[in-house]
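What follows is one structure encoded as structure tokens, with my remarks underneath.
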Amino acid sequence: MKPIDLAGFEQKFAANADPWSTFTNRDEVHKRGAILHGLGAGPTGRVLELAAGNGSNSVALARRALRFDATEGTQSGVDLVRRAVGDAPHVRVRRLVLPGRFPAAVYDAAVVAEVLYYLSPRAMRHVARDIAVALRRGGRLILAHHRVDYPDFVQHAAQIHARFLADTGVEWRAAGDVRTGRWRVQSYVRC
């Protein structure tokens, strides 16, 4: 199997609104809880979600944010995220192919889930630097990714969070770590 690209994700979302059962799978619900825990008590000011997929995390994140920007690289995904979050006035859903310009200049929190290993090392470095610029000091970064490799990954899952943090070029303070045999959710505060 070759690494999946945006066209492959577009096909998946066009064919099935929830190809990985992220809304209903118990393990995905557990992971979503860990992501929300990593966000902190809330409410949180401006929150950025990269690669929102079908919006399964976006619904809960939008409830915890005063302003919420969900981004997704595929048009089918953008449509699914919009359907999931509804028309709340504090929510914006934008198409964003990574790396690319974020919808706002400054965020209080950023959620990066299930996307880093689909990026080339160069693209990941660019996204990491963009996060470092956009996330205010004291802001939260939540990283959530599988710990095992799948055949459609561009990069290996092992140490993907550590590589991403190093690529940001800024200091982070660990704020939480939840893991299972399949995935890991880590939260950090920008120093």
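The values are calculated or read from the model by the stated rules, or taken from the named source; none is laboratory data. The shown structure was predicted, so the numbers you read here are calculated from the model rather than taken from an experiment. Backbone-built Cβ (ideal geometry, glycine too); neighbour counts: all protein chains shown. To get the accessible areas, we keep the full protein, side chains included, count just its heavy atoms, and leave off ligands, DNA and RNA. Shrake-Rupley method; radii C 1.70, N 1.55, O 1.52, S 1.80 Å.
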note = Output ordering of 37-43, 60-66 (per-residue mean of other Cβ within 10 Å, highest first) is 60-66, 37-43
message = Restricting to DSSP H runs of at least four residues, report the calculated mean residue ellipticity at 222 nm for the chain, -39500 (n - 2.57) per run over all residues, nearest 500 deg cm²/dmol.
response = -10500 deg cm²/dmol
request  = Could you calculate, for region 82-191, the ratio of the Cα radius of gyration to the Kirkwood radius, expressed as Rg to Rh?
outcome  = 0.96
message = For q values of 0.08, 0.15, 0.16 Å⁻¹, compute log₁₀ I(q)/I(0) with the Debye formula on a Cα-only model of the chain, without solvent.
response = -0.22, -0.84, -0.98
query = Considering the zone a paramagnetic label at ASP5 would reach in this model (a point 7 Å from Cα along the Cα-to-Cβ line), which residues of region 79-106 have amide N under 17 Å from it?
reply = 97-99
inquiry  = Going by amide H atoms built from the backbone, whose H comes under 5 Å of the H on THR44, apart from near neighbours?
reply    = ALA65, LEU66
ask   = Of TRP20, TRP183, which has the most accessible area and how do the rest follow, probe 1.4 Å?
value = TRP20, TRP183
message = Need one number: % antiparallel among DSSP beta bridges in the chain, to the nearest 5.
response = 40 percent
ask   = Where does each of 82-91, 26-35, 124-133, 50-59 land if you order them by average Cβ count within 10 Å, highest first?
value = 50-59, 124-133, 26-35, 82-91
ask   = Expressed as cubic angstrom per residue, what is the convex hull volume of the alpha carbon set of region 1-43?
value = 128 Å³
query = When the Karplus curve 6.51 cos²θ - 1.76 cosθ + 1.60 is applied with θ = phi - 60°, which whole-Hz ³J(HN,Hα) does each residue of region 146-160 get, with x for Gly and Pro?
reply = 5, 9, 10, 7, 10, x, 9, 6, 8, 10, 6, 6, 4, 6, 4
ask   = What does the convex hull of the Cα atoms of region 127-191 come to per residue, in Å³, rounded to a whole number?
value = 74 Å³
note = Quick calc, region 1-132, dipole around Cα centre from Cβ unit charges on Lys, Arg (+) and Asp, Glu (-), nearest 20 debye, gives 260 debye
key: Net charge dipole size for region 46-89 [Lys, Arg +1 and Asp, Glu -1 on Cβ; Debye, nearest 20]   = 200 debye
remark   = Note on the chain: contact order normalised by length, alpha-carbon pairs under 8 Å, 6 or more apart, percent, works out to 21 percent
key: Value of Rg/Rh across region 51-143 [Cα atoms, Kirkwood radius]   = 0.94
